[in-house]
Amino acid sequence: MKQSLGAKPLAFPTPVYLVGSYDTQGQPNMMNAAWGGICCSDPPCVMVSVQKKRHTYAGILENQAFTINLLGCDHVIAADFYGIASGRDLNKIDACGQHVSKGEFVDAPCLDEAYLVIECRLKTSTELGTHTMFVGEVMDVKIEADCLDEKGVPDVKKMDPLLFIPGAREYYGVGEFIGKAFAVGNSPKEGK
């Protein structure tokens with residue numbers, strides 16, 4: 001029997017999205033955003049939700065751009081720090097000993113240590129309540145070559161993505177391969 005947890009933002013797990021933007025003084029900043037995801041296939045779009053009081057908020061609006069940067073589990077300390085500290089108080093990227101490069105297609109920083117970077121042009125924003133949802137049209141996706149398999153397809157084991165569990169406030173990695181999407185469901189009576 002299922003137990004009600006009430007109306008809460010609980011979907012498990014979520015990717016750890018590090019949102020890159022230049023602030024209003026042109027300084028690069030990274031923010032750990034708990035709320036985000038893919039929201040459209042054509043044109044390809046992703047979304048992140050940011051509170052107005054966050055340092056990142058004004059930078060996204062001013063530059064009309066942001067990046068989504070994904071780190072592996074070996075960078076959990078930096079990823080968590082990006083969510084704890086504020087770019088108003090210090091350069092978080094320098095404090096983590098990490099580095100950024102200017103985006104090739106948008107006016108936003110790309111985290112050099114990220115295994116995957118998504119460059120986004122701000123398409124729209126919607127105030128939802130405590131957060132504003134920024135929808136970014138994907139201008140380019142860059143991945144480290146050593147995160148690809150022999151066929152040039154991203155390999156989740158090589159990426160070792162960091163995942164977040166809302167509510168519990170915990171980080172995890174990816175488990176074992178379970179089955180091929182759009183294939184294992186072809187015979188639903190044979191499986192679980």
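The values are calculated or read from the model by the stated rules, or taken from the named source; none is laboratory data. Quantities reported herein were computed from a predicted structural model and do not represent experimental measurements. Glycine gets a Cβ as well: all are built from the backbone with ideal geometry, and neighbour counts include every protein chain shown. Ligands, DNA and RNA are stripped out before the accessible areas are found, and what is left, the full protein with its side chains, is counted by its heavy atoms. Shrake-Rupley method; radii C 1.70, N 1.55, O 1.52, S 1.80 Å.
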Has segment 133-152 got at least one residue that is aliphatic (A, V, I, L, M) and part of a helix (DSSP H, G or I)? yes
Going through segment 84-114 one residue at a time, which ones are open to solvent by 20 Å² or more (accessible area, probe 1.4 Å), touching a residue at least 60 places away in the same chain (Cβ under 8 Å) and aliphatic (A, V, I, L, M)? 100
Return yes or no: is residue 178 farther than 23 Å from residue 52 by Cα and in a loop (DSSP other than H, G, I, E, B)? yes
Suppose the filter is without any contact (Cβ under 8 Å) to a residue 60 or more places away in the chain, surrounded by 13 or more Cβ atoms within 10 Å (Cβ to Cβ) and more than 23 Å from residue 40 (Cα to Cα); does residue 170 pass it? no
Within segment 115-138, how many residues turn out to be open to solvent by 70 Å² or more (accessible area, probe 1.4 Å) and either touching a residue at least 12 places away in the same chain (Cβ under 8 Å) or touching a Pro at 6+ places or on another chain (Cβ under 9 Å) (or both)? 4
